[in-house]
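The values are calculated or read from the model by the stated rules, or taken from the named source; none is laboratory data. Model, not experiment: these values are computed from the prediction. Here the Cβ positions follow ideal geometry from the backbone for every residue, glycine too, while neighbour counts run over all protein chains shown. Only protein heavy atoms, including side chains, enter the accessible area calculation; ligands, DNA and RNA are left aside. Shrake-Rupley method; radii C 1.70, N 1.55, O 1.52, S 1.80 Å.
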Amino acid sequence: MSLARIFCRLNGYLQPISKARAPLVSGFIRTQNEVRHWQHTAPQSTSCHWQLQEECLELSYGGLVMHFAYVWLRDHCHSASCFNSKTNQRNLDTANVELNIRPTNTRVDDENIFLTWPDGHVTRYNLSWLAQNSYEGQKQSAMQPRIIWNSDIYTSAKVPSANWDKFMSCDDELKKFLGSFLLYGIAFVEGVPPTVEATETLTQRVSLIRETMYGKMWNFTSDFSRGDTAYTKLALDRHTDTSYFQEPCGIQVFHCLRHEGTGGRTLLVDGFYSADEVLQKTPENFELLARVPIKHEYIENVSDHRNHMIGIGPVLNVYPWNNEVYMIRYNNYDRAVINTIPHDIVKRWYVAHRELTTELRKPENELWVKLKPGKVLFIDNWRVMHGRESFTGLRQLCGCYLTRDDVLNTARSLGLQA
């Protein structure tokens, strides 16, 4: 049975795959030079050619051929009567726009195209704005440029850690830190006082703390005070946290306050790098992992803690217009019974999952870090998996989850693309 026919059978959440289309992961780059090139690439041409077609405006600009539905163009008018520039909110009532609307007149200058509508209203569209916001433009661009990495790539990049004093007082230091975090999915701050209070103050410089059933700030040892393997001395395989949430926590923070023993190194693996390897080698497996929703579950019945959480989603979450991966939900500890796909697709899913697991477990993709008092680690939990080796002695960690939206908000307010 072909993969396209398989996806057709999963009506409701899967669409057939076109064999003529090779899926691409936009925004995955491997060097800092590629980042600079991506950020500073100018339009190939500034000449403009347009044509009014039956249902849409065809526009050629900047080396890109674009199509805009007329109702979309009218809905996106930014004139004073249609758009509030002070609040950046729409004034126009979209429900009152004629669905079959069509402009009566068109003219173009060097930077803009002007459309006159049947009621006489004139809309000005900046050509660069149209190119940036066209479907064709979005297909070729990334929501967030990233450098995907294995151990050698990250080590060779020599990404600097932020300094606690400068981080807390200087926005430039915060911007550099967030820039590195967005590119690599991990970042460090050093020189932090080894206390829960200082760690909390540090994280609030970046974002709001996301309180969960684990509390706001955690401060734990291997006392098995919660029904989770993390509260033991056992080794932990690579995984993302809170896969059993409908929206897994976006950013995770770790600070080792003390360790009187051996072992306990932290394992970090760039899940996007491994996903890209699967895509390049076996695109049909990538598609399967991106289309099939599965359940993760957390059941806790320890002491006074009673929790039962269920999260549902595919292993790889992608934007449908450009196939850019934005989240990985990978946790073999918390993966629940697979009962969301028919039996004849289950083995194919296991094959795809095995290939991703094989990539994730390659030694060259593992970055091992020894956390110590004063060194705080921020992890993009939607991208970078973490684990640890087993340890001896007393090991005390504190940390928290951060709200992803607020981290990205801080980055954007500092002028970063996020």
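Give me the percent of accessible area attributable to carbon and sulfur for the stretch 49-133, probe 1.4 angstrom. Each step should come with its number before you reach the end.
Values: 2250 of 5130 Å².
Carbon and sulfur atoms account for 44 percent of the accessible area of the stretch 49-133.
For the chain, which span is the longest to avoid every loop-located (per DSSP) member of GluC sites (Glu not before Pro) having at most 13 other Cβ atoms inside 10 Å?
Of all site-free stretches, the longest is 212-418.
Roughly how many percent of the accessible protein surface of the stretch 151-414 is carbon and sulfur, given a 1.4 Å probe and a whole-percent answer? All intermediate terms of the calculation are to be shown ahead of the outcome.
On the way: 5420 of 10850 Å².
Heavy-atom surface of the stretch 151-414 belonging to carbon and sulfur, 1.4 Å probe: 50 percent.
Tell me, what does the Kirkwood hydrodynamic radius of the chain come to in angstroms if you use every pair of distinct C-alpha atoms?
Working: mean 1/r = 0.0414 Å⁻¹.
Over the chain, the inverse of the mean reciprocal pair distance is 24.1 Å.
Per residue, how many Å² of accessible area does the stretch 144-251 show with a 1.4 Å probe? Please report the intermediate quantities before stating the final value.
Details: 4510 Å² over 108 residues.
About 42 Å² of surface per residue is accessible.
Rolling a 1.4 angstrom probe over the protein heavy atoms, how many square angstrom per residue are accessible across the stretch 49-133? If you can, show how the numbers build up before the last one.
Values: 5130 Å² over 85 residues.
It amounts to 60 Å² per residue over the stretch 49-133.
What residue among Cys400, Thr116, Gly179 has its Cα farthest toward the positive end of the dipole of the chain, where the charges are +1 on Lys, Arg and -1 on Asp, Glu, each on the Cβ?
Projecting each Cα onto the dipole axis, the largest value belongs to Cys400.
If you average the sequence gap of Cα pairs under 8 Å that are 6 or more apart and divide by the length of the chain, what percent do you get for the contact order?
Values: 785 pairs, mean separation 90.6, N = 418.
Computed over the chain, the figure is 22 percent.
Let me check the size of the stretch 49-133 from its C-alpha atoms; what are the radius of gyration and Dmax in Å?
Gyration radius and largest Cα-Cα distance of the stretch 49-133: 12.5, 35 Å.
If you put +1 on each Lys and Arg Cβ and -1 on each Asp and Glu Cβ, how big is the dipole of the chain around its Cα centre, in Debye rounded to 20? Working shown, then result.
On the way: 45 positive and 46 negative charges, 162 e Å.
Charge dipole of the chain: 780 debye, to the nearest 20.
Which of the aspartates and glutamates could a cross-linker span from Lys176 if the Cα-Cα distance has to be under 19 Å and same-chain partners fewer than 8 positions apart are dropped?
Filter leaves Glu34, Asp165, Glu190, Asp380, Asp405, Asp406.
Return the percentage of antiparallel bridges among DSSP beta bridges fully within the chain, rounded to the nearest 5 %. Walk me through the numbers on the way to the answer.
Working: 70 of 74 bridges.
The antiparallel proportion sits near 95 percent.
Check cross-link reach from Lys370 to the lysines: straight Cα distance under 17 Å, and skip same-chain residues fewer than eight apart.
Qualifying lysines at Cα under 17 Å: Lys158, Lys233.
With a cut-off of at most 15 other beta carbons within 10 Å, and DSSP calling the residue loop, which chymotrypsin sites (Phe, Trp or Tyr not before Pro) in the stretch 309-418 qualify? Please list them.
Working: sites: Trp321, Tyr326, Tyr330, Tyr333, Trp349, Tyr350, Trp368, Phe378, Trp382, Phe391, Tyr401; in loops: Trp321, Tyr330, Tyr333, Trp382.
The qualifying sites are Trp321, Tyr333.
Mind checking which of Val278, Leu377, Ile294 is farthest towards the positive end of the stretch 266-418's charge dipole, using Cβ charges of +1 (Lys, Arg) and -1 (Asp, Glu) about the Cα centre?
Farthest towards the positive end: Leu377.
Any idea what the dipole of the stretch 49-133 comes to, in debye rounded to 20, about its Cα centre with Lys/Arg Cβ at +1 and Asp/Glu Cβ at -1?
Values: 6 positive and 10 negative charges, 51 e Å.
Computed about the Cα centre, the dipole is about 240 debye.
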